[in-house]
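Quick note: the coordinates plus some simple rules give every number you see, no bench work behind them. Bear in mind that the values here come from a model prediction, so they are computed numbers and not experimental data. Positions of Cβ are backbone-derived with ideal geometry, glycine not excepted, and every protein chain shown enters the neighbour counts.
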Amino acid sequence: MANFSNSQRHPTIDLHSERLVRLASFFLLVFSLFTLCATPALADNSTKKSTDGTANLEKSVIKVFSTLRGPDPFKPWSKAAPQEVTGSGVVIEGKRILTNAHVVEYASQVQIQNGQDGNKMAARVLAIARGIDLALLEVEDPSFFDTHQAVSRSNKLPEITDAVFAYGYPTGGNSLSITKGIVSRIEFVDYDGSVAGLRIQVDAAINPGNSGGPVIAGDKMIGLAFSGLLHAQNIGYIIPNEEIELFLKDVADGRYDGKPILLDATQTFENPVLRDFLKLDKNVEGCIVHAPNDLGSESVLKEWDVITHIGDSAIDNQCMVKLKPNVRVMFKYKVQQVASKAGLPLTVMRNGKSLKLNVPVYTGRPHLISDLHGGYPSYFILGPIVFSRASAEYLSFLINNAPALN
């Protein structure tokens, strides 16, 4: 009986299990179909958002047309012949367009156009910083910004090897150009001999006409293209957002005052003989003051002072501070971050003692022969002789045209 009973119940158990398996398979099939249908929808939404973001960015990259009439070095009473140039720009907050100073400097007429729009629109220069090569434009018709939105800017520096895209309108075509590369270097350098700032090097192609166009990493702007290195391959330079923010903050009152700079001449502290001369231990690192800007007795910094800290940042023997774990820059980069009306906080070693000082900073470096600051030269005519002031522009003209003048 027991065996019979067991053999009689087996068919019932198998039939029940088969129904459960069929029911489970049905629900699994329905779930799979739902997943297959839903996944493309999510992908389509993601693709749509990415496409919309790219389209908005492309509409915010502007082509700038300028008619330049600079000074005539040999005829100071007149202007040079008109020169038509083009560059790029990007829409930023406040219904403004950011571009390079060299695109609109000495411009008698400025027009802007988006590659997707047919008509050019008149614009004017709101502010310009020639030293750091930045300029702000205002469009006469504010309705332009109804369909051209401001591009978001990153609030931090990119990492070395980050992928970047350079947007702009270089020579060789009329439509928007996008080139891809990586961040190669981040340095603090002289821009024009009188103003220094951070500069990012990228290997994305940057050609004439790209000047003023945004460089994008991820979905945010990290800087503005402004130059490339001649006779070299894939070396382009961009002005990072930190410099842009300083410029925008400076011109908020309607004029550009300039960046704070430390004029005292310094040198590295790598020579062991020099260390013995100053009688300083090896654990003291810093940068030596070679020639104070103020040579009088009231000078805050003295010759042979060793600057060990700027603010809270330690300075090494090569006059560098850490910007990132794997990036060092010249310590004078920190001036624009920590300087205030009270001065620049420095810690120095003087005669074996550590001192905390507030050192005066300046805007602009004095030159024996300065530039025209966007103006035209004064002149004086005495009989057949014309006298005019020497200027950086005049010297530049002579240097660039020396073969033709001989």
On Cα atoms only, tilt of 241-250 relative to the major axis of the chain in degrees:
50 degrees
Potential extension, K75-D281 segment - 0.36 nm per residue separation minus Cα distance
68.1 nm
Enter the angle in degrees (range 0 to 90, nearest 10) between the Cα long axis of helix 2-59 and the first principal axis of the Cα atoms of the chain, meaning the one along which they spread out most.
20 degrees
Calculated from DSSP helices alone, with each H run of at least 4 adding -39500 (n - 2.57) and the total divided by the residues of the chain, [θ]222 nm to the nearest 500 comes to -7500 deg cm²/dmol
Here, N234 and R185, labelled 7 Å along Cα→Cβ, have an inter-label distance in nm of 1.6 nm
Exposed-loop-free span, longest in the chain, where chymotrypsin sites (Phe, Trp or Tyr not before Pro) count as exposed if DSSP calls them loop and at most 12 other C-beta atoms lie within 10 Å
78-406
Rounded to the nearest 0.05, FRET efficiency between D312 and K353 (Cβ-Cβ, R0 22 Å) equals 0.65
With a Cα-only, solvent-free Debye model of the stretch 141-196, what are the log10 I(q)/I(0) values at q = 0.17 Å⁻¹?
-0.96
Under a Cβ-only charge scheme (Lys and Arg +1, Asp and Glu -1), can you give me the dipole magnitude of the chain about the Cα centre, in debye to the nearest 20?
460 debye
Reachable aspartates and glutamates from K180, Cα under 17 Å, same-chain residues fewer than 8 places away excluded?
E58, E159, D162, D203, D219
Under a Gaussian network model of the chain whose springs join Cα atoms within less than 10 Å, the largest fluctuation of G115, G94, G286 belongs to G94
Largest fluctuation, D250, D141, D264 only, Gaussian network model of the chain with Cα springs under 10 angstrom, belongs to D141
Around I182, which amide H atoms from residues at least 5 apart in sequence, or from another chain, sit under 5 Å from its own amide H, with H modelled in the peptide plane?
V164, D203, A204
Please enumerate, by chain and number, the lysines with C-alpha under 27 Å from the C-alpha of K259, excluding those fewer than 8 residues away in the same chain.
K95, K156, K220, K249, K302, K322, K324, K332, K334, K341, K356
FRET efficiency (E84, H290; Cβ distance; R0 56 Å; to 0.05) is 0.75
Using only alpha carbons, build the gyration tensor for the chain and give me the equivalent ellipsoid semi-axes, biggest first, whole Å.
58, 36, 17
Enumerate the amide H contacts of Y191 below 5 Å, restricted to partners 5 or more residues apart or on another chain; note that Pro and chain-start residues carry no placed amide H.
A196, G197
Stretched fully, the stretch from R389 through L263 gains (0.36 nm per residue minus C-alpha distance, one decimal, in nm) 42.8 nm
How big is the Kirkwood radius of the stretch 49-182, worked out from every pair of different alpha carbons and given in Å to one decimal?
16.1 Å
Residue by residue, what Karplus-based ³J(HN,Hα) values in Hz, rounded to whole numbers, does the stretch 364-374 have, using 6.51, -1.76 and 1.60 with θ = phi - 60° and x for Gly and Pro?
x, 9, x, 10, 5, 10, 9, 8, 8, 6, x
Given the convex hull of the Cα atoms of the stretch 260-363, what is a quarter of its surface area in nm²?
6.6 nm²
Taking H as built 1.01 Å from N, whose amide H comes closer than 5 Å to the amide H of A80, not counting residues under 5 places away?
G70, D72
Enumerate the calculated ³J(HN,Hα) couplings along the stretch 163-176 in order (Karplus 6.51 cos²θ - 1.76 cosθ + 1.60, θ = phi - 60°), each rounded to whole Hz, writing x wherever the residue is Gly or Pro.
6, 9, 10, 9, 9, x, 10, x, 5, x, x, 9, 7, 5
